[in-house]
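These notes concern the structure reproduced below.
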Amino acid sequence: MTMFEASLRYNNFNNNHPIETVPNNYDSLVVEGHLLSHAKKAAPPRLKQLAEDHGTVYYIDPALSDFHHQDNFVGDNGIKGWHQKYLSDLGDPVQSLVEDETELEPANLSTDTIIELARQEVQFQETIVPESLEKHSGKYEEFDPDQYAPEAIVPWYYQIESKADIQINRDILRASLDEASQSVKPCLHVGKPFLHRDGHIDSLVDVVDLEGISQCFLWVDDMGKHNTSESDYYRITKLVDELSNAGIEPHFLYGDYFATISAHFGAGGTTYGTMYAEDAKERTDTPSGGGGMLNRYYTDPVKDFLKIPATVDVMRRADADICDCEVCQRHLDDWSDLLDMDDDDDQNMQAFLGKHHLLIRWKQIRKVESESLDETLDRLRGDYDEFIQHYSRSPQVSPKKTLDYIQRWRNAVNRYSE
Ligand SMILES: [Zn+2]
């Protein structure tokens with residue numbers, strides 16, 4: 001198994017603290033394009049510093065894909081400020097296509113326009129960081145700005161919900177490959193229902209199975225663990241396996257522990273936020289499960305975020321040891337310390353929760369990488385058996401929540417590998 005890439009989503013400035021304090025616990029950043037348009041002075045030097053000090057690479061999640069749904073780019077006062085800046089960086093044709101808050105609907109665009117937009121996105125990604133660095137660097141700073149280009153270009157992508165959407169993604173990808181002067185890592189964004197028809201998985205593989213493509217991102221829309229079925233997981237595993245068989249390593253653009261398990265089927269990486277962002281739907285303005293700033297603790301045995309009182313109650317019922325990550329070791333003597341911290345300063349609590357989450361995800365990834373599939377599944381079963389009663393009996397855990405997703409992961413993967 002090659003190294004599984006742990007990618008951290010960089011989408012707002014609350015991420016700065018964890019990004020800078022635990023740089024050895026992730027491999028790469030997935031930066032949202034409009035953040036770079038908005039923070040031309042601050043974000044590029046941060047990326048440069050991380051590259052120099054830790055060899056951290058980055059990708060840009062194409063902001064063009066945000067314009068398919070109004071909720072993603074229109075706020076109470078029209079087009080959101082960060083998106084405005086991104087649009088003025090790209091200019092026409094996209095600027096005039098969406099200026100009246102019109103959604104970008106590739107099915108209604110000519111092939112020439114689609115090609116033009118795809119090229120603009122490639123140019124933006126190739127130049128935004130190097131050019132910003134050059135413009136804002138000190139007079140006597142000497143460096144080669146092109147050294148700080150992204151690891152690969154991520155072309156504009158469009159959610160595949162029908163066969164017709166396949167051709168649009170193909171057109172975009174071909175135009176992007178023509179335009180790019182560096183490697184290209186396309187993203188397959190696919191709705192779960194699409195995966196279930198015969199032949200659909202083959203046609204998805206065909207979209208990216210092109211000369212020069214050896215990796216892709218994979219965004220299965222709405223892959224939240226509480227609303228993804230066993231047969232969905234089975235089909236996702238099949239897609240990962242078939243991409244991998246075609247020589248293309250899929251890298252989840254949003255992923256929870258299931259994405260980590262997929263390493264056993266050839267997945268090459270996963271992406272998550274400092275908090276949440278383990279899954280996302282296109283048709284919402286925030287990743288699902290990420291609403292508000294509610295404090296939740298990433299609880300390793302159940303591979304999910306739980307409210308603080310629920311974490312404390314479940315872990316005490318299970319008589320579980322304190323988490324052995326370095327931040328928990330420094331801050332917690334007993335699980336109930338979490339309750340006291342939760343009453344304190346919110347900023348500190350969020351920094352703590354974010355760092356703990358990143359350290360644990362990193363450990364999980366390195367662990368899965370070192371195991372066989374059977375070892376991973378046995379361990380998952382052991383955790384399930386140990387925690388199921390405490391979890392389902394705890395009055396602090398929402399009665400709507402169950403641990404069934406762990407069984408769905410195990411069953412789907414077991415059935416697939418039979
Ligand atoms: Zn911890």
inquiry  = What whole-number distance in Å separates the alpha-carbon centres of the stretch 161-206 and the stretch 29-72?
reply    = 23 Å
task = Express the Stokes-Einstein translational diffusion coefficient of the stretch 296-417 in µm² s⁻¹, to the nearest whole number, given a Kirkwood radius over alpha-carbon pairs, 10 °C and a viscosity of 1.306 mPa s.
result = 103 µm²/s
query = Counting pairs of alpha carbon atoms under 8 Å apart in space and at least six apart in sequence, what relative contact order in percent does the stretch 5-272 give?
reply = 16 percent
key: Convex hull volume per residue in cubic angstrom - Cα atoms of the chain   = 148 Å³
inquiry  = List the pairs from LYS185/LYS238; LYS85/LYS163; LYS41/LYS281 whose alpha-carbon separation is above 23 Å, in the order I gave them.
reply    = LYS85/LYS163; LYS41/LYS281
ask   = So which of LYS192/LYS401; LYS48/LYS303; LYS307/LYS355 end up more than 28 Å apart, counting from Cα to Cα?
value = LYS48/LYS303
Semi-axis lengths, Å, the stretch 113-194, gyration tensor of Cα atoms, sqrt of 5 times eigenvalues = 32, 12, 9
request  = Determine, for SER7, SER183, the number of other Cβ atoms within 10 Å of each Cβ, and report the residues in order from fewest to most.
outcome  = SER183, SER7
ask   = Between ARG170 and ASP346, how many nm apart are label points set 7 Å from Cα along the C-beta direction?
value = 5.0 nm
ask   = Which ³J(HN,Hα) values, rounded to whole Hz and listed in residue order, are derived for the stretch 208-220 from phi using the Karplus coefficients 6.51, -1.76 and 1.60 in 6.51 cos²θ - 1.76 cosθ + 1.60 with θ = phi - 60°, glycine and proline given as x?
value = 9, 7, 10, 4, x, 9, 10, 9, 8, 8, 9, 10, 8
ask   = Which residue, LEU173, LEU339, LEU195, tops the fluctuation ranking in a GNM of the chain built on C-alpha contacts under 10 Å?
value = LEU339
ask   = Got a sec? How would LYS85, LYS355 order by Cβ neighbour count within 10 Å, fewest to most?
value = LYS85, LYS355
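Since every read-out is calculated from the coordinates, none of them should be taken as a lab result. Nothing here was measured: the structure is a model prediction, and the numbers come from that model. Every residue, glycine among them, receives a Cβ derived from its backbone with ideal geometry; neighbour counts consider all protein chains shown.
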